[in-house]
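Only one structure is covered here, and it is reproduced in the block below.
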């Protein structure tokens, strides 16, 4: 069984997640944007063995703590898609722009592509490349938990911003409709900020990407 805990981090209240395989206690950290001492404290208290860091995309509130946490835990970094390399390379500029502490630039040990798989203990997650918010954004989907980590692609009642460099609203809508909706209406998702929802709820009521808007 795949378990998870959401740990909001940074002044942006970004939903970092610690996920783990209940059988092996081996896990991963998704989007450690900062406040890594809080993440490490949870890991230690629950006696988890973190195997890797997973990144949906490389905006600083999602990736700012990655290099330091990787060093502290001696674990590799997987994701995002290589389209976000320029965001990783600009982490220091992002820090200055948004008032974050300076952070290290890093090179992921593994860039992720659409239809890749990542493992967490005995569990596995499917990777879906979902550009639009950023060009290299990926989503992680657990079939066994019927749960997706969508980063800043989709929110309860909204969608991700597309006014950053290389953002594109139409591309974002296509990513959601072509890659997320087919997973099923009952799939719950954890987004980068705010409460969880389900794909079915968003198809029914989301004013930006619901079925009445997209014509599905």
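No value in this document is a laboratory result; all are computed from the given coordinates. These numbers come from a predicted model, not from an experiment. Please note: Cβ atoms are built from the backbone with ideal geometry, for glycine as well, and neighbour counts cover all protein chains shown.
Descriptive notes on the structure:
- Added length on full extension, which subtracts the Cα-Cα distance from 0.36 nm per residue, residue 22 to residue 38: 3.7 nm
- Distant alpha-carbon pairs in segment 164-216 (separation over 13 angstrom), percent: 62
- From least to most packed, judged by other beta carbons within 10 angstrom and beginning with the fewest, 36, 105, 60 follow the order 105, 36, 60.
- Convex hull projection area averaged over all views, segment 2-214, Cα basis, nm²: 10.3
- Working note: 222 nm ellipticity from helices only, DSSP H runs with n ≥ 4, each -39,500 (n - 2.57), summed and divided by the residues of the chain, gives -6000 deg cm²/dmol to the nearest 500.
- Classified by the C-alpha gyration tensor, segment 89-192 has an oblate form. Its axis ratio a/c, with a ≥ b ≥ c, is 1.5 or above, and a/b does not exceed b/c.
- Note on the chain: antiparallel DSSP beta bridges, both residues inside, total approximately 70 percent of the bridges counted.
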